[in-house]
1. Only one of (1) touching a Phe, Trp or Tyr at 6+ places or on another chain (Cβ under 9 Å); (2) surrounded by 19 or more Cβ atoms within 10 Å (Cβ to Cβ); (3) of a type in the set (S, T, N, Q) fails for THR35. Which number is that?
2. Kindly indicate whether any position in the range 81-96 is of a type in the set (A, V, I, L, M, F, W, C) and within 16 Å of ligand 2 (Cβ to nearest atom).
3. Suppose the filter is farther than 18 Å from LEU166 by Cα and in contact with a helix residue (DSSP H, G or I) (Cβ under 6 Å, 6 or more places away or on another chain); does ALA80 pass it?
4. Taking the range 121-132, which residues are in contact (Cβ under 8 Å) with a residue 60 or more places away in the chain and over 18 Å from ARG178 (Cβ atoms)?
5. Going by the structure shown, is PRO156 surrounded by fewer than 19 Cβ atoms within 10 Å (Cβ to Cβ), farther than 20 Å from ASP189 by Cβ and either touching a residue at least 60 places away in the same chain (Cβ under 8 Å) or near ligand 1 (Cβ under 8 Å from one of its atoms) (or both)?
6. Looking at (1) free of Cβ contacts under 8 Å to residues at least 60 places away in the same chain; (2) away from ligand 1 (no atom under 11 Å from the Cβ), which is the one condition that is false for VAL89?
7. Show me the helices (runs of 4 or more DSSP H) found entirely inside the range 187-301 where at least 2 residues are under 19 Å from the mean Cα position of the chain (by Cα) and at pLDDT below 95.
8. Just name the residue that is nearest to the chain's Cα centre (by Cα) out of those in the range 29-54 that are more than 20 Å from LYS11 (Cα to Cα) and of a type in the set (S, T, N, Q).
Amino acid sequence: MKTKLSIVDPKAPLEAPLTEAVALLKNDEVVAFPTETVYGLGANGLSEKAVAKIFKAKGRPADNPLILHVADLAMVAQVAEISQAGAVVEQLGKKFWPGPLTLVLPKKPIVPNLVTAGLSTVAVRVPAHPVAQKLIEECGFALAAPSANRSGRPSPTTADMVLADLDTKIGLILDGGRCDIGLESTVVDLSIDSPAILRPGRLIAAELAPYLPGLAEYTATKVQQETPRAPGMHYQHYTPDAKVVLYADIEAVKDFLKSESARKPVVITLAKGLEMGNAEVIYFEGLEALTQNLYYTFYEAEQNEVDLILVPQVEERGLGTSLMNRLKKAASFSI
Ligand code: TXA
Ligand code: MG
């Protein structure tokens, strides 16, 4: 299949590429589109035939459920049972939607089992990107959309990254520029008595806690012990072609680089002015900048045939928790 890449102006009214995307989606085809977090690979979330094409294009295991993207609270209620958690969903929705928050709720029968990987719950979110919003509005149905990468690879934050992963596998990519956030949404399970973060993201526990008293920071061990609640989280993830190694101490990096026979190493750092011999140094001013650019930096490194990427470990607090969650999965080991 030939993959078409069409530029869309997020601010413009409905124009040709969007109309084409809507027609494809209404016809049970898949389309990649930008969200504020990462690019999604969308399809009609209420059509089993359409959703099956997402799994096929990504090579995604069938036991990893998808997020439904909806326009508003009313649309949440079409796919999820909110009688129990209604007040909380409303409060959270008012505060954080549209935005990078995904809620796991009991599912309604209208949602195909393929979307939820057979679970009794469904994940929903209201995306903030105008292109995503227009698509949902024009389609009139929930869009199932995982990140638009081949399964196991870093999430795409530009249309070029989608193309690099899914060329010939999908018909259309809407190019809405670079994603603002660059990291996937925070997934919160509200289907249980004590709500829990299943996947940490840009939205951190401290921001959610006022609405969810007692909400704990995400901890890998807790979720790993309860794998059925976070089905996707046990897969190796976010892995670029280059070897990724985490470092705690920059002195150790110097020794490591001497011992490794890397042809083209890159050292990512949060420390300004660092020099590392013949390794390329990429500096980010703070956690937010690193988070936003991490996946794109992996991609650029791949394009430049970098074979080793050293990434600093960060403290597992707040956004650092989310960043380390992805880094530990991307990394081969730590030094
Ligand atoms: O920011 C995002 O969330 C992006 C954009 C495109 O919206 N989407 C995304 O989707 O990251 P995906 O499929 O790559 O990750 C969805 C995560 C997976 O870890 C999956 O296991 C989890 O959400 N999930 C989906 N449905 C679930 C459910 N019913 N119960 C528990 N976890 C669920
Ligand atoms: Mg993903």
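The values are calculated or read from the model by the stated rules, or taken from the named source; none is laboratory data. Computed from a predicted structure; not experimentally measured. When we count neighbours, we look across all protein chains shown, and the Cβ atoms used for this are built from the backbone with ideal geometry, even at glycine.
1. (1)
2. As a first pass, look at the range 81-96 and keep what is of a type in the set (A, V, I, L, M, F, W, C): 82, 85, 87-89, 92, 96.
Applying the additional criterion that residues be within 16 Å of ligand 2 (Cβ to nearest atom) yields none.
There is no residue in the range 81-96 that is of a type in the set (A, V, I, L, M, F, W, C) and within 16 Å of ligand 2 (Cβ to nearest atom).
3. On the way: farther than 18 Å from LEU166 by Cα: yes; in contact with a helix residue (DSSP H, G or I) (Cβ under 6 Å, 6 or more places away or on another chain): no.
No, not satisfied.
4. Listed by number, the residues that qualify are THR121, ALA123, ARG125.
5. So PRO156 does not fit the description; no.
6. So VAL89 meets the others, but not (1).
7. 220-225
8. ASN44
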